[in-house]
Amino acid sequence: MKILIVGAGGREHALVWKLAQSAHVTQLWCAPGNAGIAQERLAKNQSPVECVNLGVEELPKLLAFARERKADLTVIGPDNPLALGIVDLFQRHGLRIWGPNRNAARFESSKVFSQQFMEKYGIPTARAGTFEDAGAARAFAASLGGRCAVKADGLALGKGVLICTSVPEAEKAIGGILIDKAFGAAGERIVIQELLEGMEISLHALCDGRVAKLFPTSQDHKRALDGDAGLNTGGMGTYSPTPFLTGAQLAEAGRSILEPWLRGCAAEGIYYQGILYPGIMLTKDGPKVLEFNARFGDPETQVYLARLENDLVELLDASVSGTLEKTELRWSPTASVCVVMASGGYPGGYAKGLPIHGLDGAGRLPGTKVFHAGTAGAGDRIVTQGGRVLGVTAWADNLERARDAAYAAVEQIRFDGAQYRRDIAAKALM
Ligand code: AMP
Ligand code: GLY
């Protein structure tokens, strides 16, 4: 089977790594990929994975490539090509592609759509309102005492959510989005949710249009600094499983979210094939959905795929074919931890092109995999290229050992200004 993967980050490196282990795969391309992806080889025939210099939003070029090279399956990592309708485009041309179509991807590309869907179908979520008018939005925020999350409707590079704890802060957030158009067209409408309190975790479910199969739990660390201080980032580290839900509680949370969600999808004619990734707050009144993403989380994917025992090709194939019901997801009983090493200054401005040292030594450690996110090749060296540079991932028979192994690998790796959190998985080990 020949597979094209679209994306360039740590999530895509993890997908490539796992797909490359499959005996079904004879050729893998990644567009555009990164320096770590370019080093992977296929288990079946030792062929190198080939990075293709096409951007994730270059839909016609990606289509032409997949047709010309006769890709049997295309796998989409990030949200933007999904929102642009890459799945619809490929399907119109008779190509097999994994990910939700444009209509289904609205669960991520429109927070207004998602919020209204949750309310209509009784999915547990925050009390919320949706607004185009700043006056009405201010009045609602005031009724919450200013303690609210103000969210731009559309995709805003992960920056469209403003957490407010006072009326002046909420007014500033509302004015910034609705009047000053800080996020352009993505902010023509907003959702305002009450602030929920509790532990935040990530859920993932693989869906085939009719059935949704829940993954174990994981937890991201979204703030830049230890102790959840500093600015919001794409995610500074993850671990799986979390100790905050028992197996029975996870199954119950899955039921309370996925059953009404599947009913709603059927009622609205939404055909969802791909990963549904709900961000959840474990409140004292039970789990509530903060948002839906229509793709694998990054860096959740790194810890999930370190634990997944199934052949990933078979799972994605079942998701595209609508045969997931018969498929059982199998997870190793290990724990996995991913520590993100980021460029100094991230999520603000940062330097690029800095040489990374120690990758070979770290890569030789047992039970460890260094996933690349923002890296590039420069001659025979590997250099920094993005904000999140590496996702240093380890697995072991318990969380403490996995955490220690991940940090032991981090200590082998050096680049100027490297920053990482020292407290990944700490909440689970207290
Ligand atoms: P989102 O992109 O909607 O997940 O929001 C980004 C982050 O903001 C989430 O990961 C939460 O940490 C936080 N957040 C979003 N909505 C709420 C809410 N209603 N209450 C508390 N925190 C929230
Ligand atoms: N882990 C955060 C995200 O993928 O959105």
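The values are calculated or read from the model by the stated rules, or taken from the named source; none is laboratory data. Given the structure is predicted, the values throughout are model-derived calculations rather than measurements. Note that we place each Cβ from the backbone using ideal geometry, even for glycine, and neighbour counts take in every protein chain shown. Remember, those area values only see protein heavy atoms, side chains included, never the ligands or the DNA or RNA. Shrake-Rupley method; radii C 1.70, N 1.55, O 1.52, S 1.80 Å.
Looking at segment 294-335 only, could you name the residues that are buried (at least 23 other Cβ atoms within 10 Å of the Cβ) and among the acidic types (Asp, Glu)?
Matches in segment 294-335: Asp298, Glu300.
Residues of segment 61-93 being within 22 Å of the chain's Cα centre (by Cα) and not in a helix (DSSP H, G or I), which ones?
Matches in segment 61-93: Leu73, Thr74, Val75, Ile76, Gly77, Pro78, Leu84, Gly85.
Kindly establish whether Ala43 is assigned to a helix (DSSP H, G or I), among the small types (Gly, Ala, Ser) and farther than 23 Å from Asp298 by Cβ.
On the way: assigned to a helix (DSSP H, G or I): no; among the small types (Gly, Ala, Ser): yes; farther than 23 Å from Asp298 by Cβ: yes.
In short, no.
From (1) in contact with a Phe, Trp or Tyr (Cβ under 6 Å, 6 or more places away or on another chain); (2) surrounded by 23 or more Cβ atoms within 10 Å (Cβ to Cβ), pick out the condition that doesn't hold for Leu354.
It is condition (2) that Leu354 fails.
How do the pairs read when you match residues in segment 182-211 that are within 20 Å of Tyr271 (Cα to Cα) and open to solvent by 10 Å² or more (accessible area, probe 1.4 Å) with residues anywhere that are assigned to a strand (DSSP E or B) and modelled with pLDDT of 95 or more, using Cβ under 6 Å and keeping only pairs 6 or more apart or on different chains?
Final answer for the pair search is Gly209/Gln273.
Could you tell me whether any residue of segment 277-299 is closer than 26 Å to Val211 by Cβ, of a type in the set (Asp, Glu) and away from ligand 1 (no atom under 14 Å from the Cβ)?
no
I'd like to check something: does segment 284-293 contain any residue that is open to solvent by 10 Å² or more (accessible area, probe 1.4 Å), more than 15 Å from ligand 2 (Cβ to nearest atom) and under 16 Å from Lys222 (Cβ atoms)? It would help to see each step written out before you state the result.
Step one: filter segment 284-293 for residues open to solvent by 10 Å² or more (accessible area, probe 1.4 Å), giving 284-288, 290-291.
Next cut, more than 15 Å from ligand 2 (Cβ to nearest atom) only: 284-288.
Then keep just the ones that are under 16 Å from Lys222 (Cβ atoms); that gives none.
No, segment 284-293 has no match at all.
Looking at segment 265-348, what strands (runs of 3 or more DSSP E) fall wholly within it and have at least 2 residues that are farther than 27 Å from Gly387 by Cα and hydrophobic (A, V, I, L, M, F, W, C)? Write out each step before concluding.
Details: elements: 273-283, 286-293, 335-342.
In segment 265-348, there are no strands (runs of 3 or more DSSP E) which contain 2 or more residues that are farther than 27 Å from Gly387 by Cα and hydrophobic (A, V, I, L, M, F, W, C).
Does Ile192 meet the test of being touching a Cys at 6+ places or on another chain (Cβ under 8 Å), farther than 17 Å from Thr283 by Cα and either modelled with pLDDT of 95 or more or part of a loop (DSSP other than H, G, I, E, B) (or both)? Steps first, answer last, please.
Working: touching a Cys at 6+ places or on another chain (Cβ under 8 Å): yes; farther than 17 Å from Thr283 by Cα: yes; either modelled with pLDDT of 95 or more or part of a loop (DSSP other than H, G, I, E, B) (or both): yes.
Criteria met by Ile192.
Per-residue answers, yes or no, for (1) among the aliphatic types (A, V, I, L, M); (2) more than 16 Å from ligand 2 (Cβ to nearest atom):
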{"residue": "Val167", "(1), (2)": "yes, yes"}
{"residue": "Ala182", "(1), (2)": "yes, yes"}
{"residue": "Glu188", "(1), (2)": "no, yes"}
{"residue": "Ile192", "(1), (2)": "yes, yes"}
{"residue": "Leu225", "(1), (2)": "yes, yes"}
{"residue": "Asp228", "(1), (2)": "no, no"}
{"residue": "Ser240", "(1), (2)": "no, no"}
{"residue": "Gln273", "(1), (2)": "no, yes"}
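Out of (1) in contact (Cβ under 8 Å) with a residue 60 or more places away in the chain; (2) open to solvent by 10 Å² or more (accessible area, probe 1.4 Å); (3) out of contact with any helix residue (DSSP H, G or I) (no Cβ under 7 Å at 6 or more places or on another chain), the odd one out for Ala426 is which?
It fails just one condition, (1).
Please indicate, with yes or no, whether at least one residue in segment 205-214 is within 14 Å of ligand 2 (Cβ to nearest atom) and assigned to a strand (DSSP E or B). Don't jump to the end; show me each part of the working.
Keep residues of segment 205-214 that are within 14 Å of ligand 2 (Cβ to nearest atom), which gives none.
Scanning segment 205-214, I find no residue that is within 14 Å of ligand 2 (Cβ to nearest atom) and assigned to a strand (DSSP E or B), so the answer is no.
Any idea which residue in segment 352-395 is nearest to the chain's Cα centre (by Cα), counting only those that are modelled with pLDDT of 95 or more and charged (D, E, K, R)?
Arg388
Out of curiosity, is Leu245 within 30 Å of Gly374 (Cβ to Cβ), buried (at least 18 other Cβ atoms within 10 Å of the Cβ) and away from ligand 2 (no atom under 16 Å from the Cβ)?
Numbers: within 30 Å of Gly374 (Cβ to Cβ): no; buried (at least 18 other Cβ atoms within 10 Å of the Cβ): yes; away from ligand 2 (no atom under 16 Å from the Cβ): yes.
No.
Say whether the condition of being open to solvent by 30 Å² or more (accessible area, probe 1.4 Å) and polar (S, T, N, Q) is met by at least one residue in segment 229-240. Don't jump to the end; show me each part of the working.
Residues of segment 229-240 open to solvent by 30 Å² or more (accessible area, probe 1.4 Å): 229-232, 234.
When the remaining residues are screened for being polar (S, T, N, Q), the result is 232.
Checking segment 229-240: at least one residue is open to solvent by 30 Å² or more (accessible area, probe 1.4 Å) and polar (S, T, N, Q).
Please list, ordered by residue number, the helices (runs of 4 or more DSSP H) wholly in segment 94-181 having 3 or more residues that are away from ligand 1 (no atom under 15 Å from the Cβ) and touching a residue at least 60 places away in the same chain (Cβ under 8 Å). Reasoning before the result, please.
On the way: elements: 106-109, 111-120, 134-143, 167-174.
Because the criterion is at least 3 residues that are away from ligand 1 (no atom under 15 Å from the Cβ) and touching a residue at least 60 places away in the same chain (Cβ under 8 Å), no helices (runs of 4 or more DSSP H) in segment 94-181 meet it.
Filter segment 1-39 for residues that are open to solvent by 20 Å² or more (accessible area, probe 1.4 Å) and part of a loop (DSSP other than H, G, I, E, B); which is nearest to Val340 (Cα to Cα)?
Ala8
Can you say whether Gln302 is under 25 Å from Val75 (Cβ atoms), more than 16 Å from ligand 2 (Cβ to nearest atom), within 21 Å of the chain's Cα centre (by Cα) and polar (S, T, N, Q), as far as the supplied structure shows?
Numbers: under 25 Å from Val75 (Cβ atoms): yes; more than 16 Å from ligand 2 (Cβ to nearest atom): no; within 21 Å of the chain's Cα centre (by Cα): yes; polar (S, T, N, Q): yes.
No.
Assuming Ser256 fulfils every condition listed in (1) among the polar types (S, T, N, Q); (2) touching an Asp or Glu at 6+ places or on another chain (Cβ under 9 Å); (3) open to solvent by 30 Å² or more (accessible area, probe 1.4 Å) apart from one, which condition is it?
(2)
Among (1) under 17 Å from Pro278 (Cβ atoms); (2) modelled with pLDDT of 95 or more, there is one condition Phe131 misses while meeting the rest; what is its number?
Unmet for Phe131, out of (1) under 17 Å from Pro278 (Cβ atoms); (2) modelled with pLDDT of 95 or more: (1).
Starting from segment 6-18, take each residue that is touching a residue at least 60 places away in the same chain (Cβ under 8 Å) and list its partners that are within 14 Å of ligand 2 (Cβ to nearest atom) and basic (Lys, Arg), counting only C-beta distances under 9 angstrom and pairs at least six apart or across chains.
So the pair list comes out as Gly9/Arg388; Gly10/Arg388; Arg11/Arg295.
I want to confirm something. Restricting to segment 259-280 and keeping residues that are closer than 29 Å to Ala428 by Cβ and buried (at least 21 other Cβ atoms within 10 Å of the Cβ), which single residue is farthest from the chain's Cα centre (by Cα)?
Restricting to residues being closer than 29 Å to Ala428 by Cβ and buried (at least 21 other Cβ atoms within 10 Å of the Cβ), the top hit is Trp261.
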